[in-house]
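The values are calculated or read from the model by the stated rules, or taken from the named source; none is laboratory data. Nothing here was measured: the structure is a model prediction, and the numbers come from that model. Cβ sites come from the backbone with ideal geometry, for glycine too, and all protein chains shown count toward neighbours. All accessible areas refer to the heavy atoms of the entire protein, side chains included, with ligands and DNA or RNA removed. Shrake-Rupley method; radii C 1.70, N 1.55, O 1.52, S 1.80 Å.
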Amino acid sequence: MKEVFVRLARCVGCRQCEISCALVHSESRDIHQAVWERPLPRQRVRVTREGSEYYPLRCFHCEDAPCIGACISGAMHLDEDVGTVACDTARCVGCWMCVMVCPYGSVRIHEGQKVALKCDRCPDEDEPACVRGCPTRALLVKERALVV
Amino acid sequence: MGRLEGRTVDPAALEMLKHADEQGLETAWDRCRAQEPLCGFGNLGVCCRICLQGPCRIDPFGEGATRGICGAQDYSIVARNLIRSIAGGTAAHSDHGRHVALTLLAHLDGHAPDYRIADPAKAEAVARRIGLDPAGKTPQEITREVTLAALRDFSRLEEEPCTWVTSTVTPGMTEKFEECAIMPSNINGAIAEVMHRSTMGVDADPINLIFGGLKSALADYAGCHLSTDLTDILFGTPRPVRSYANLGVIDPEKVNITVHGHIPLLSEIVVDVAREMEDEARAAGAAGINVVGICCTANEVLMRKGIPLATNFIAQELAIMTGAVDAIIVDLQCIMPALKTLCECFHTRLITTIPFSKIPGAYHVDFREERAKESARRIVKLAIEAYRERDPAKVHVPQVKNEVVAGFSLETMLEIFASVNQEKPIRALVDAIEEGEIRGIALFAGCTNTKARHDEGHLTIARELAKNDVFIVATGCAAGALAKAGYMRPGAVKEFAGPGLSRFLERLGRASGFDGGLPLAFHMGSCVDNSRAVDLAVLIAKEMGSDVADIPFVATAPEAMHEKAVSIGAWAVTLGFPTHVGVIPPVYGSSLVTEVVTKIAEDVFGGYFILETDPLKAAQKLIEALNYRNWRRKYSRASLDEAMVAE
Amino acid sequence: MKHVIIGGSAAGMSCAETLRRLDPKCDITVISDEARPFYSRCLTSYYIAGKIGERDMLLRDPGFYEARRLNLVMGKKAVLVDPRKKAVVLDDGSEIPYDRLLLATGGRPKLPDIPGAGKRGVFTLRTWDDAVAISERAKTARKAVVVGGGLIGMKVAGALRDAGLEVRVVVASGRVLSQMLDDEAAAIARRLLEAHGFAVDTRCDVVEIEGDDEVRQVRLQDGRRVDADLVVIGKGVDPEVGLAEACGARVGRGIIVDEHLKTSVPDIYAAGDAAEAYDIAWGEPRVNAMWTAATSQGQVAAHNMAGIPTRYPGSVGMNSIDICGVPFISMGVVSPRRDRDGDGLVELARRRAGNWYRKVVLKDRVICGAVFAGVVDKAGVVLALIRARARRDDAPERILADDFTYATFMDVIDEKGRYFQEGGKRNVQRIMQGGY
């Protein structure tokens, strides 16, 4: 199963992954049009800095995901085909239990739609947008088995 | 569409791209891919690197920072970046002009014997226009006065307007610029002011900033115009010439010297010297010397000397890849540093010539006006020397070239118009507009850019406009695109022009006895020569009793790339042209600035930006802009007549 | 191996599903006194509000149980557990034998002794059937009184307001959500409620429900009479410990379990709202009646029942609620009292404009509780810190300044956050530090 890995030493904090993520989740997928969309497209990855290092934080798609266990509506679920933790926003009631339990802070509130917002690992793309968007290849996709 | 087909519509460029692909040679298109995805912040103009606290970025999606460390909002940041870009363009154009002026002055002082006053009549005409009395003065004296006046536009300390602005636009436009406090008095000062007001902690008001940018843009316009004027005096005002364009002009049998850049001070001399050194080339086994051009240096020597145009900006590397270019002489602007690495794969000598425009590893022959011919000879010698090292196995020249009729300075065009209206030549064009025979005029300008499919925007829009009876003039790399594709040969009129335009051009061609007929698109010169198009527009406006903002005259830069394109675009809008740009400039990060440049500008200046990446849609919008102005002119005149009848 | 589970909600179903995953061959029987398939108890208020329909209540597709070969015994009540015979007796007299038994009996709403509480139009809210009855009544009712300002009370109050009723909340204590929030956060919640048209009475109680057959009005402690045609009593939930007590299991507030979620009776386990398991924040056993604890306890119990010894790391009492569009989350020790909770407890709080409020509670310089209002993103990171029980002296300041992410505390979260042992290790590997 493929997973997204981070090579921290390569992250320069350019936040291109954020922009790429928002773009791939926009209607137009074009930066010059996306900034005019309402509601504005949201990104699911956040680059933060600790000391001298940058951390592109996104959902880890835990095997034992606490957000799934905490979800009261059944929206948060394991997509067994691709091994991702997915949120069916149509079922989400906005109780924020997932926000409460995610130890990575990777589930946020979609303020406009009042549903949980998290990485979907770009199911319709060959490669997640953040990976494709990373100019230093700090984010990369690899087979899980190769790294563990 | 294949990967390479998606990069260009120019068959010669495509052939070379395939060749490059096979040979593993890197091009700008490959490097463009390596740059993807482009930085979203930079792309939207919301990255501020002006002070050392940052770099600051505004989150375009509204979740992160909404202001810079200093508190600057998106609109201040976008506006500051934009006007710095305008200042960059202004610096480039005006410094180019200043260089020509200094060369003229050196010649007049006897330090540049290899030059001459090639067009005393132009000197006289410019002198009259700027209010000098040429009576009883020698051409040298007139030229000196004109040149010093031009240099005063760079150095004036009084708050008086730049001569090259006030003397070239309508009184109404001058008044508007004064009223908006954007009239420059000193080109260098306008640039400095932009740099100052956009530095940390000065101007944060986006409208104020943009007006500062427009002042610089008008300074750019002055720089362009005086550059055209002085270059015409120095090397002659272009007259109709016939030549060829596209990579097929590179002759494998000859020593090929490519001139590239913008300022023809040395290239003109190289052309002359090459003709004198044919024997040396033959001695080296070549059939002779063939000088070809790239970018605006190409346009300059094509317009005045009929030197063939090899290709335009983005394809510059492809010329080297033919393996038959023995030397490429570059001056300044739009020269890719990548040429050096590429030349290393061949025998080609890359020769820089300007002290402040060098490339590591290239030959540098310092251009000095006092020994121009000597420098030119050294360069031609280097080329012949290189020819001996040429590897015939690496030669690959696409057999693609098109006939070009060029040399359409305003003077030339008025001569042609005079064939139908001796008394008032410009009436020929104005009548055609007023009678609806032609819909209006479009200026094709600007660069080529990897963001667009090479030349596609230029050609598509030209076809659409021609079909809709729009009279086309072109400059710079846009002109290069049209030339390469054959839109500047007479036959193109039959192929693309709508009925009205076709009738108009055929009538003009017949009346003027223009050999073989007129081209579809009129080549007016290099990018500084956009000033010629403004002269045409101002002439029309004056004839129609209005300002440029009222006449059906649009501009388009479908593949803009350089800061110079930003400054030209800015002054085009300020002068009143609806101006299409086919590459989104970094302004979308601020809705306010975008609104200002695309909408509000029209209320103030009549001109505005049309930002549209789809060439077909862009053509439609340009046609709508022309239609609107025609309608408005007719409507206001009709209502005026009615009112008078009522009285 | 025969596994029997009493209770078909979060703890029971997560146990059943986990058992099936661990052991494809075993027998699994789930006994539920409700006649409905696995649904979300927490969604009942959304159902009343009309925000979701019948289908949304169901958490599994119809084919799910069959595909996992789960024997569902629905609408029947287990009345007795016989640990010697190792069998469960149902209310119809039938017996179901077990090798391992899970008591996931859940809780039962507290019913205070209010005169008139038996009248039509007076409800408690625990089950889907309760929700159906309330929403049916809400179609014609205009004025509702909610007795109790706890989580259930607040959720049902919001739901009734969304359904178009006038709503009065009567709270015995001095603030709403007294278990979940501290004074400051509760004040924010109350201001929001009042701004959105709720009537809120604190330090007050309903002393009588009046009317003939049907509720007409309620009499308050202070003597006021308030019109009401719908009353919901939400005074909390008692763990359902009857079966456990009867079979001799040790019972405190709930069914007492060890770190493997075993009761004091061999082969009987307990999980969910009925179980009194270890609480990390308090450092002692507590009943934490919440969906997320029930789910994970069900999973841990399943491992132990399947013969895979697995330690339950403990839960942290926590909850999340949205009040008038503003999210509130609290976890662990929320409003400590020195007299009750001992020394060494420190509260640090910060209030910002709008509804932004945040507090951390420290015991012996280790974070053991937190409250979030307004902005709750990253609350989970703080929860992970509480779970890790690690001392990071910069943590309170960084949390209150909202200047932290997972990366700030990743060393302690991943090293000591045992809850995600497996996933945690892997996640650290997913961030390949220093790797090129």
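Summed over the stretch A:93-129, the residues that are farther than 20 Å from residue A:20 by Cβ, touching a helix residue (DSSP H, G or I) at 6+ places or on another chain (Cβ under 7 Å), outside any strand (DSSP E or B) and more than 7 Å from every other protein chain (Cβ to nearest Cβ) give a count of 1. Picking from residues in the stretch C:15-44 that are open to solvent by less than 30 Å² (accessible area, probe 1.4 Å) and among the charged types (D, E, K, R), the one that is nearest to the chain's Cα centre (by Cα) is C:34. Taking the stretch B:343-371 as the range and being within 27 Å of residue B:102 (Cα to Cα), of a type outside the set (Asp, Glu) and open to solvent by less than 50 Å² (accessible area, probe 1.4 Å) as the test, the residues that pass are B:350, B:351, B:352, B:353, B:354, B:357, B:359, B:362, B:365, B:367.
Looking at the stretch B:169-188 only, could you name the residues that are in a helix (DSSP H, G or I) and either open to solvent by less than 30 Å² (accessible area, probe 1.4 Å) or touching a residue at least 60 places away in the same chain (Cβ under 8 Å) (or both)?
Just the residues of the stretch B:169-188 that are in a helix (DSSP H, G or I), to begin with: B:171-179, B:187-188.
B:172, B:173, B:174, B:176, B:177, B:187, B:188 - these are the residues of the stretch B:169-188 that are in a helix (DSSP H, G or I) and either open to solvent by less than 30 Å² (accessible area, probe 1.4 Å) or touching a residue at least 60 places away in the same chain (Cβ under 8 Å) (or both).
Residues checked against (1) over 21 Å from the mean Cα position of the chain (by Cα); (2) not basic (Lys, Arg):
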| site | (1), (2) |
| --- | --- |
| C:321 | no, yes |
| C:333 | no, yes |
| C:342 | yes, yes |
| C:358 | yes, no |
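The residue pairs whose first member lies in the stretch B:56-80 and is at the interface with chain A (Cβ under 8 Å from one of its Cβ atoms) and at pLDDT below 95, whose second member is in a helix (DSSP H, G or I) and surrounded by 14 or more Cβ atoms within 10 Å (Cβ to Cβ), and whose beta carbons are closer than 6 Å, counting only pairs six or more residues apart or on different chains, are B:57/B:41; B:60/B:44; B:61/A:22.
Does the stretch C:329-352 include one or more residues that are in a helix (DSSP H, G or I) and touching a Cys at 6+ places or on another chain (Cβ under 7 Å)?
Residues of the stretch C:329-352 that are in a helix (DSSP H, G or I), as a first pass: C:338-341.
Next cut, touching a Cys at 6+ places or on another chain (Cβ under 7 Å) only: none.
The answer is no; no qualifying residue exists.
Checked against (1) surrounded by fewer than 19 Cβ atoms within 10 Å (Cβ to Cβ); (2) closer than 30 Å to residue C:199 by Cα, residue C:231 meets all criteria but (1).
Among the residues of the stretch B:474-494, just one is open to solvent by less than 10 Å² (accessible area, probe 1.4 Å) and charged (D, E, K, R), namely B:484. Please determine, by comparing only the residues of the stretch B:581-609 that are more than 14 Å from every other protein chain (Cβ to nearest Cβ) and open to solvent by less than 60 Å² (accessible area, probe 1.4 Å), which one is nearest to residue B:452 (Cα to Cα). Out of the qualifying residues, it is B:608.
Considering each residue of the stretch B:354-409, count those that are part of a helix (DSSP H, G or I) and of a type outside the set (D, E, K, R), and give that number. Walk me through it before giving the result.
Step one: list which residues in the stretch B:354-409 are part of a helix (DSSP H, G or I), which gives B:369-389, B:392-394.
Next, from what is left, pick out any that are of a type outside the set (D, E, K, R): B:372, B:375-376, B:379-380, B:382-384, B:386-387, B:392-393.
The qualifying residues number 12.
Residue-level analysis places residue A:59 outside the set of residues that are within 9 Å of chain C (Cβ to nearest Cβ) and either at pLDDT 95 or above or in contact with a strand residue (DSSP E or B) (Cβ under 7 Å, 6 or more places away or on another chain) (or both). Residues of the stretch C:324-336 that are buried (at least 23 other Cβ atoms within 10 Å of the Cβ) and either on the phi > 0 side of the Ramachandran plot or at pLDDT 95 or above (or both): C:327, C:328, C:329, C:330, C:331, C:332.
Looking across B:17, B:25, B:38, B:44, one residue alone is at the interface with chain A (Cβ under 10 Å from one of its Cβ atoms), open to solvent by less than 40 Å² (accessible area, probe 1.4 Å) and under 30 Å from residue B:459 (Cα atoms). It is B:44. Do we find that residue B:98 is assigned by TED's automatic domain parsing to the domain that holds residue B:207, surrounded by fewer than 24 Cβ atoms within 10 Å (Cβ to Cβ) and touching a Leu at 6+ places or on another chain (Cβ under 9 Å) in this structure? Here the answer is yes, as residue B:98 does meet what is asked. With respect to the conditions (1) in contact with a Ser or Thr (Cβ under 9 Å, 6 or more places away or on another chain); (2) surrounded by fewer than 19 Cβ atoms within 10 Å (Cβ to Cβ); (3) in a helix (DSSP H, G or I), residue B:339 falls short on a single one, namely (2).
Among the residues of the stretch C:292-318, count how many are touching a Leu at 6+ places or on another chain (Cβ under 7 Å), open to solvent by 30 Å² or more (accessible area, probe 1.4 Å) and outside any helix (DSSP H, G or I).
2
Being among the small types (Gly, Ala, Ser), open to solvent by 30 Å² or more (accessible area, probe 1.4 Å) and more than 9 Å from every other protein chain (Cβ to nearest Cβ) is the filter here; which residues of the stretch A:7-41 pass it?
Residues of the stretch A:7-41 among the small types (Gly, Ala, Ser): A:9, A:13, A:20, A:22, A:26, A:28, A:34.
From what's left, open to solvent by 30 Å² or more (accessible area, probe 1.4 Å): A:9, A:28.
Scanning the stretch A:7-41 gives a single hit, A:28.
For residues that are of a type outside the set (Ser, Thr, Tyr), in contact (Cβ under 8 Å) with a residue 40 or more places away in the chain and not in a helix (DSSP H, G or I), scanning just the stretch B:17-42, find the one that is nearest to residue A:16 (Cα to Cα). Taking the candidates together, the pick is B:26.
Scan the stretch A:26-42 and give yes if some residue there is among the β-branched types (Val, Ile, Thr), in a loop (DSSP other than H, G, I, E, B) and either modelled with pLDDT of 85 or more or closer than 18 Å to residue A:142 by Cα (or both), otherwise no. Looking through the stretch A:26-42, at least one residue is among the β-branched types (Val, Ile, Thr), in a loop (DSSP other than H, G, I, E, B) and either modelled with pLDDT of 85 or more or closer than 18 Å to residue A:142 by Cα (or both).
Of the residues making up the stretch C:357-377, those that are out of contact with any Asp or Glu (no Cβ under 8 Å at 6 or more places or on another chain), within 14 Å of chain A (Cβ to nearest Cβ) and surrounded by fewer than 24 Cβ atoms within 10 Å (Cβ to Cβ) number 3. Answer yes or no: is there a residue in the stretch C:65-87 that is in a helix (DSSP H, G or I), open to solvent by 30 Å² or more (accessible area, probe 1.4 Å) and more than 30 Å from residue C:160 (Cβ to Cβ). Within the stretch C:65-87, one or more residues are in a helix (DSSP H, G or I), open to solvent by 30 Å² or more (accessible area, probe 1.4 Å) and more than 30 Å from residue C:160 (Cβ to Cβ).
When the residues of the stretch A:37-62 are filtered to those that are among the charged types (D, E, K, R) and touching a residue at least 12 places away in the same chain (Cβ under 8 Å), which remaining residue is nearest to residue C:11 (Cα to Cα)? Across the stretch A:37-62, the extreme among qualifying residues is A:58.
Residues of the stretch C:45-63 that are open to solvent by 30 Å² or more (accessible area, probe 1.4 Å), within 14 Å of residue C:13 (Cα to Cα) and either facing another protein chain (nearest Cβ under 9 Å) or assigned to a helix (DSSP H, G or I) (or both): C:58, C:60.
Residue check: residue A:72 meets all listed conditions (1) open to solvent by less than 10 Å² (accessible area, probe 1.4 Å); (2) within 13 Å of the chain's Cα centre (by Cα) but one, namely (2).
Going through the stretch B:149-168 one residue at a time, which ones are surrounded by 14 or more Cβ atoms within 10 Å (Cβ to Cβ) and more than 11 Å from residue B:218 (Cα to Cα)?
Taking the stretch B:149-168 and keeping what is surrounded by 14 or more Cβ atoms within 10 Å (Cβ to Cβ), we get B:149-154, B:156, B:161-168.
Of everything in the stretch B:149-168, those that are surrounded by 14 or more Cβ atoms within 10 Å (Cβ to Cβ) and more than 11 Å from residue B:218 (Cα to Cα) turn out to be B:149, B:150, B:151, B:152, B:153, B:154, B:156, B:163, B:167, B:168.
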